[in-house]
Structures are given as C-alpha cells and as structure tokens.
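A short write-up of the structure that comes next.
The values are calculated or read from the model by the stated rules, or taken from the named source; none is laboratory data. In this text, all values refer to a predicted model and were calculated from it rather than measured experimentally. All Cβ positions, even for glycine, are placed from backbone atoms using ideal geometry, and neighbour counts span all protein chains on display. These accessible areas exclude ligands, DNA and RNA; they are computed on the full protein's heavy atoms, side chains included. Shrake-Rupley method; radii C 1.70, N 1.55, O 1.52, S 1.80 Å.
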Amino acid sequence: MRVVIDSNVLARATPGKSSAAREVLLLLTSAPHTLITAIALLTELARILQYPRLRALHGLDDAGIQGFLHSVQTGALIVAPASPAPIQTQDPDDDLVIATAVAGQGDAICTRDRHLFHPSIKAGCAAYGLRIFNEVDLLRELRALALPQPGTP
C-alpha cells in the first residue's frame, strides 16, 4: 500500500512510545508498503514537533527531532506535488496532503484532520484512487493485508 501520513499523525509516531501512529509508520517504511511524502510536509512536521506542548509529549530534544525527521525522510518516497492541488479544500495544508498523495500515486491518506473525511473530499479523493483513514483504521487495514489469504501456503 502507498500512503501519505499527514503531519498530525506523524507527530504521534515519534520513537519511544507505542501507538497506532508509530506502528503505521514502521509498517509503511518497510516492504511491501511505501510511505509517500514531500519536502513541504516534512518542513511542516519539523515545525509542529518544536511546539512546547508536543515537546512535552514526545520528549525529544533538537537532535532527537532531527533524527526522527531523517528516519522519516530516508524511509519515504519524496515526491513533488502539483500546484494547485487537484482537489481544493478550505485549508492549503490539506491541499498539500492530497496533492502529495496524487503525485505519489498513493492508495490512501492517513490523517486526523476531519475536513478530509468530508463526503465531498472523500469522493474527490476516490476519483484518484485514494481512501482516507485515521491511524487506527489504517493499522487494521495494514494488518489485514499481512494476513495469509485463504488457500495460500
């Protein structure tokens, strides 16, 4: 599966804690899956991880944040999203997530942003073969894909 993880989920996937977001990240950065991202999304993630409230949650210092960003970047396929995005929302950050998924020929977007779950946005994404998941539902999907299919050894 080829997936873009929104920064609001990646910020919950930092090392040191067990979470659905962390497990999704680890699964998507190993075969047969592909994590798709863009430099602009990594820049947004770097900014978010610096917030004092999030620093208190993830417990990473500057070096830890840089290490996490580096591991995400090296484990991902970096694409250059089109501008303007093929689907316009009310939030340019959401547009970037969608454009990144389309540029990377993604199968899904993993987000906690409720705007992306709006029926019209989901329908627009479906036209590009994109499904929208939160991290818990995507983790279920990834686990189901890993199960042996009936009739296979």
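Roughly to the nearest percent, how much of the accessible area of the chain is carbon and sulfur, given a 1.4 Å probe? Don't skip to the end; give the middle numbers.
Values: 4620 of 8050 Å².
Summing carbon and sulfur atoms, their accessible area is 57 percent of the total for the chain.
Given the whole protein assembly as supplied and a 1.4 Å probe, what does the accessible area of Lys122 come to in Å², nearest 10?
90
Given springs between every Cα pair under 10 Å in a Gaussian network model of the chain, which of Asp95, Asp61, Asp113 has the largest fluctuation?
Evaluated over the chain, the most mobile residue of the options is Asp61.
For Leu77, what residues show an amide H to amide H distance below 5 Å, using hydrogens built from the backbone and excluding near sequence neighbours?
Residues meeting the amide H criterion: Leu35, Ile36, Thr37.
Report the residue, chosen from Arg114, Arg131, Arg12, that carries the largest GNM mean-square fluctuation when the chain is represented by alpha-carbon nodes joined by springs under 10 Å.
Between Arg114, Arg131, Arg12, it is Arg114 that shows the largest mean-square fluctuation.
Quick one: Karplus J couplings for region 86-97, per residue in order, coefficients 6.51, -1.76, 1.60, θ = phi - 60°, nearest Hz, x for Gly and Pro?
Working through the residues one at a time gives x, 10, 9, 10, 8, 10, x, 5, 5, 4, 5, 4 Hz.
Using only DSSP helix segments of four residues or longer, with each worth -39500 (n - 2.57), what per-residue ellipticity at 222 nm results for the chain after dividing by its residue count and rounding to 500? Could you put the intermediate results ahead of the total?
On the way: 8 runs with 76 residues, N = 153.
When only DSSP H runs of four or more count, the value is -14500 deg cm²/dmol.
Under 20 Å from a point placed 7 Å out from the Cα of Asp93 along the Cα-to-Cβ direction: which residues of region 4-36 have their backbone N that close?
Only 4-15, 21-22, 25, 36 fall inside the zone, counting backbone N under 20 Å.
In whole Hz, what ³J(HN,Hα) sequence does region 48-62 give by Karplus (6.51, -1.76, 1.60; θ = phi - 60°), x for Gly and Pro?
Each residue of region 48-62 in turn: 5, 5, 7, 4, x, 4, 6, 4, 5, 6, 8, x, 8, 7, 4 Hz.
Taking 0.36 nm per intervening residue step and subtracting the Cα-Cα distance, what contour gain separates Arg47 from Ile78 on full extension?
Details: separation 31, 0.36 × 31 = 11.16 nm, distance 1.83 nm.
Difference between extended and current length: 9.3 nm.
In the full protein assembly as shown, how much of Ser120 is accessible to a 1.4 Å probe, in Å² to the nearest 10?
70
Looking at region 1-146, what % of its DSSP beta bridges pair antiparallel, to the nearest 5? Intermediate results must be reported in sequence, preceding the final value.
On the way: 0 of 12 bridges.
Around 0 percent of the beta bridges assigned by DSSP in region 1-146 are antiparallel ones.
For Rg and Dmax of the Cα atoms in Å, which listed value, [x] 15.2, 42; [y] 17.6, 71; [z] 15.3, 52, comes from the coordinates shown?
Entry [z].
At 7 Å along Cα-to-Cβ for each site, give me the label-to-label distance between Phe117 and Asp61 in nm.
That separation, rounded to one decimal, is 3.8 nm.
In Å², and per residue, what accessible area does region 1-101 have when probed at 1.4 Å with the other protein chains present?
On the way: 4810 Å² over 101 residues.
That works out to 48 Å² for each residue.
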